[in-house]
Amino acid sequence: MKRSELVNSLIGILNVKQIWDDEDSRRQFSQDKWPRWLFSPPDKMVDAVVRPENAHEVAKVLVFANREKIPVIPYGGGSGVCGAVCPDKGGIAIDLKGLNQIGPVLRDADSNQAYVIVASGVIGEALERAVNAKGFTIGHFPASMAISTVGGWVAAESSGQCSTKYGNIENLLEEIEVALPDGRIVWISGTRIKPFIGSEGTLGIITAVKLKVFPASAKQIFFSFAFNSLPEALDACYRMSRLPDKPAVLRVYDSLDRLFLGPGKESSNLSHRLPAHKYFFQQIKFWFLSKPKAVHAFGSALSRLPFWKFKPLLIVIFDEDSDSAAKEKIIHNIAWLNHGKYLGEDLARQWWRERYKLNFQKIEKYFQLGIFANTLDVAAPTDKLAGVYKAMMEAMSAHAVTLAHFSHFFGGRGCIYFTLIGRAKNKEASLRLHDRAWSAGLDACRKAGGEVTHHHGIGVAKLPWFEMTDIIRWEKWRKLKKELDPKNIMNPGRLIKN
Ligand SMILES: Cc1cc2nc3c(=O)[nH]c(=O)nc-3n(C[C@H](O)[C@H](O)[C@H](O)COP(=O)(O)OP(=O)(O)OC[C@H]3O[C@@H](n4cnc5c(N)ncnc54)[C@H](O)[C@@H]3O)c2cc1C
């Protein structure tokens, strides 16, 4: 169907003000925040963008697209970092931010669990503010809280910063409302939700979500410790994550990540208007980005010095202060068992204050300077984390300065979050170097028994490495895909390699 015909048909379904087909809008809604786009933007674009305002309008667009076999790409906040909203072959981007209602906090009569029903296009920060006003919290705090939507959290299998206590989005969900390609709108609960989690818009469009909420606490307890080695810090973390009264945040920084990006570290000021001496130091720093082996040798020498400030750092935060004396005793004991050194509360408090500091504008500036910066999340059972870290670090640090921290310790698993920064002689060479580091890391992850994603999803960035190893989970997804979307209009090309 020609673009003009498509737009005319959509005008018959929605108000003309809810439809865009200008090039800027089509480009904007064909990409997310995958940093690689900054060197090499996607070469395909959707044909039109629509913004429905309720589930019925979503369903009407789906019925039309299904009849005409037009691809549909659900678009939440566009904060994904793996290219999951990038169209394989045009189609309609459905911007879900028009679905923006937040219900009251209610309580289930049987379980006494408090919950809220929220439309899927609501931005996380707005939801948290709304439930805070009633004395509750959603307990889910991705660093992208201000730019991601509730529906996007489900479709991309998001994890928040307090996941050790609350779990990831899957643990917070009670029900979801989904508009299906045939136009039905259904509520799904229990284990039937599972295939929709991490489905990247391939089964239907999530239009509303019933989420648990929890009493908000006014006070927290903070700890920070340094350890002589990463395995000791990780061991302390596993033990703490298995306590019946769980910390909300457990985070281990390796020495280099602590030094460059850890709590209290201002990342580089990238302004062009720096005083001469600062500009000079900045240029030296940038030069070192093209010498990752030298940076890693320097980092490893520093970490061997007898100074706690160069050692792996563990941050522990409880998000309520009941039994604080007992908690303090247990946490100190576990750290002591692993030869940790208590560093006080300040670093943990500072991390909490800065927890949303990762700033996409800064990443954009790096790319303008010809420097790549990207993040790579992987997962592993806790007993394999150290091995996966070592293998990936060896593989990637040959190409890029590679920093890492560990977080999201729950259910016997943890996440390793790598930051890759590098530079070659020009943009094209930097892009090639980025791709080499990325591939080397994911190859090494698989070889060492890790899973190639934790909370960033698959998108296009990780698809070549993605394996549906959880047979039962993905069998259910395949069955539903065939049943619900036989014409494969829902975000085609995602999750399955063509
Ligand atoms: C600075 C920064 C920090 C981040 N920190 C975190 C973090 O701490 N934790 C974390 O988990 N993630 C994090 N992310 C990644 C990203 O925010 C998450 O993946 C988030 O869940 C994506 O939500 P979104 O609304 O932006 O979805 P989008 O990027 O718009 O879409 C993601 C995928 O979900 C599909 N989709 C979106 N909405 C729907 C819907 N209603 N129905 C069906 N499919 C849908 C899309 O088609 C796409 O496949 C971060 C990203 C950035 C840029």
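Anything over 22 Å Cα to Cα? Flag those among LYS89/LYS210; LYS69/LYS482; LYS246/LYS362, in the order listed. Before the final figure, lay out each step's value.
On the way: LYS89/LYS210 33 Å; LYS69/LYS482 15 Å; LYS246/LYS362 34 Å.
The answer is LYS89/LYS210; LYS246/LYS362.
Can you put LEU484, LEU96 in order, fewest other beta carbons within 10 Å first?
Numbers: LEU484 18, LEU96 27.
By the 10 Å Cβ count, ascending: LEU484, LEU96.
For a quick check of your reading of the filter: which GluC sites (Glu not before Pro) in region 199-291 sit in a DSSP loop and have no more than 15 other Cβ atoms within 10 Å?
On the way: sites: GLU200, GLU232, GLU266; in loops: GLU200, GLU266.
Sparse-neighbourhood loop GluC sites (Glu not before Pro): GLU266.
Using alpha carbons only, how many degrees (0 to 90, rounded to 10) separate the axis of helix 230-241 from the longest principal axis of the chain?
Orientation of helix 230-241: about 60 degrees from the principal axis.
How far apart, in nm, are the 7 Å Cα→Cβ label points at GLU125 and LYS285?
Going by the 7 Å Cα→Cβ label model, 2.5 nm.
Need the full-extension length gain, GLU428 to SER111, defined as separation in residues times 0.36 nm minus the C-alpha distance. One decimal, nm.
Extra length available between GLU428 and SER111 comes to 108.4 nm.
Once the other residues with Cβ under 11 Å from the Cβ of ASN228 are scored (Lys, Arg +1; Asp, Glu -1), what is the net sum?
Result for the local shell: +2.
At a 10 Å Cβ-Cβ cut-off, how would you order VAL61, VAL105, fewest neighbours first?
VAL105, VAL61
Find me the longest stretch of the chain that has none of the exposed trypsin sites (Lys or Arg not before Pro), where exposed means in a DSSP loop (not H, G, I, E or B) with at most 15 other Cβ atoms within 10 Å.
After excluding every exposed loop site, the longest remaining stretch is 274-356.
Run the quick spin-label model on MET468 and ASP323: label points 7 Å from Cα toward the beta carbon, then report their separation in nm to one decimal.
The answer from the label model is 4.3 nm.
Straight-line reach from LYS327: which aspartates and glutamates have a Cα under 19 Å away, not including same-chain ones fewer than 8 places off?
Partners found: ASP235, ASP245, ASP319, GLU345, ASP346.
Which lysines, if any, have their Cα less than 20 Å from the Cα of LYS309, not counting same-chain residues under 8 positions apart?
Within the straight-line limit of under 20 Å, LYS309 reaches these lysines: LYS265, LYS341.
How would you rank MET468, MET393, going from fewest to most other Cβ atoms within 10 Å of each one's own Cβ?
Least crowded to most crowded, the residues run MET468, MET393.
Note down the net charge around ALA424, summing +1 for each Lys or Arg and -1 for each Asp or Glu among other residues with Cβ under 13 Å from its Cβ.
+4
Any read-out appearing in this document is the output of simple, stated calculations on the displayed coordinates, not a laboratory observation. Just so we're clear, the structure is a prediction, and the values are computed from it rather than from any experiment. All Cβ positions, glycine included, derive from the backbone under ideal geometry; neighbour counts span all protein chains shown.
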